[in-house]
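The values are calculated or read from the model by the stated rules, or taken from the named source; none is laboratory data. Please read all numbers here as calculations on a predicted model, not as lab measurements. Cβ atoms come from the backbone with ideal geometry, glycine included; neighbour counts cover every protein chain shown. Each accessible area value is taken on the protein alone, full model and side chains, heavy atoms only, with ligands, DNA and RNA left out. Shrake-Rupley method; radii C 1.70, N 1.55, O 1.52, S 1.80 Å.
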Amino acid sequence: MLEVNNLNVFYDKIQVIWELAMQVNKKEAVGIFGPNGSGKSTLIKAILGLVDSVEGEVLFRGQDLTKKKTYNIMRQGISLVPQNRELFPDMTVKENLKLGSAFISEARQSTDETLDFIYHIFPVLKKREEQLAGTLSGGQQRMLTVGRGLMAKPQLLILDEPSVGLQPSLVIELFQKLKEIKEKDVSILLAEQNVRQGLKIIDRGYVLENGRIVLEESAEDLLENEHIQKSYLGI
């Protein structure tokens with residue numbers, strides 16, 4: 001579904017990603033793990049056309065994305081859950097959700113159906129649908145951000161550090177919800193520092209360090225990998 005080949009990314013003259021290659025298959029959840037500054041968010045920006053200086057190839061369902069504008073990329077069937085949430089605080093929960101489908105014709109035609117699905121996954125959003133988004137707790141805002149991403153009816157949902165700023169119990173709950181989303185045939189690309197929780201929902205994972213892929217394994221093999229255990233799991 002998503003294929004990245006020989007990707008090099010630059011900020012001005014500074015290279016931050018080197019010869020990166022990865023893929024996400026249909027109905028698959030893939031993790032990108034690494035510390036701050038490793039290039040995870042830059043990789044997402046490159047996929048979505050938010051970085052100007054890029055060499056290499058990004059394909060989605062066989063189509064080259066590297067020359068497309070971001071809004072056209074999103075209309076191909078990709079949706080982003082940004083790290084900083086980027087909600088409209090003075091709009092209600094329901095209004096924020098509906099914005100997720102507002103500019104994608106196929107998604108707009110099934111807004112009510114998708115809303116029902118999101119309210120099933122996140123019942124608290126149904127209870128608070130008329131509440132202003134800015135008055136929600138941090139965990140509820142994160143759920144709202146995920147829900148808004150799903151309103152676009154994506155084939156690929158990209159999540160950038162969804163656990164950031166959440167207390168441990170909410171992180172566990174959120175990742176359990178991502179499992180339910182994956183079971184609805186939505187492919188997932190998860191960029192995350194919380195390796196322990198991320199490995200519970202993915203099929204495969206890549207470890208990105210200093211702009212380079214240093215490991216690519218199944219979730220089970222990454223969990224048993226000595227480098228992962230020492231550097232990321234504290235074992």
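Dividing the convex hull volume of the alpha carbon atoms of the chain by its residue count gives 117 Å³ per residue. Rounded to the nearest 20, the Cβ-based charge dipole of the stretch 186-235 about its Cα centre (Lys and Arg +1, Asp and Glu -1) stands at 200 debye. With N counted as the residues of the stretch 64-106, its alpha-carbon radius of gyration over 2.2 N^0.38 Å works out to 1.34.
Helices of the chain meeting both criteria, an alpha-carbon length of 20 angstrom or more along the long axis and an average Kyte-Doolittle score not below -1.0, with helices taken as full DSSP H segments, are 168-182. Ranked by solvent-accessible area (1.4 Å probe, protein heavy atoms only, all chains present), the residues TYR71, TYR11 order from largest to smallest as TYR71, TYR11. Comparing SER110, SER169, SER41 in a Gaussian network model of the chain where C-alpha atoms under 10 Å apart are linked, the largest mean-square fluctuation is found at SER169.
Taking GLU216, GLU113 and ordering them by how much accessible surface each has at a 1.4 Å probe, largest first, produces GLU113, GLU216.
Whole-percent P(r), the stretch 50-126, all Cα pairs, 5 Å bins from 0: 3, 12, 19, 21, 18, 12, 9, 6, 1.
Considering the stretch 115-235, its Cα convex hull presents a mean projected area of 8.2 nm². Highest average first, the peptides 157-164, 129-136 ordered by how many other beta carbon atoms sit within 10 Å of their residues are 157-164, 129-136.
Per residue, the accessible area of the stretch 63-192 comes to 48 Å², computed with a 1.4 Å probe over protein heavy atoms only.
GNM, the chain, Cα, under 10 Å: largest mean-square fluctuation among LEU80, LEU199, LEU99? It is LEU99. HIS227 sits with roughly 70 Å² accessible to a 1.4 Å probe, with DNA, RNA and ligands left out of the calculation. When the Cα atoms of the stretch 12-104 are aligned to their principal axes, the ranges along those axes come out at 43, 31, 28 Å in descending order. Each helix, a run of at least 4 DSSP H residues, gives -39500 (n - 2.57); summed and divided by the residues of the chain, these come to -9500 deg cm²/dmol at 222 nm. Using a simple spin-label model with pseudo-atoms 7 Å out from Cα toward Cβ, ASP116 and GLU217 lie 4.4 nm apart. Computed in the context of the full set of protein chains, the accessible area of the chain at 1.4 Å probe radius has 45% of its extent on carbon or sulfur. Each Lys and Arg Cβ is given +1 and each Asp and Glu Cβ -1; about its Cα centre, the stretch 93-161 then shows a dipole of about 120 debye. Here the contact order of the stretch 76-166, divided by its residue count and restricted to Cα pairs under 8 Å and six or more residues apart, works out to 53 percent.
Per-residue accessible area (protein heavy atoms, 1.4 Å probe) orders LYS200, LYS182, LYS45 as LYS200, LYS45, LYS182, starting from the largest.
For LEU189, the residues whose amide H sits under 5 Å from its own are VAL30, LEU157, ILE158, LEU159, ignoring neighbours fewer than 5 places away on the same chain, with H placed 1.01 Å from N.
Only the Cβ atoms of Lys and Arg (+1) and of Asp and Glu (-1) were treated as charged; on that basis the dipole of the chain about its Cα centre amounts to roughly 600 debye.
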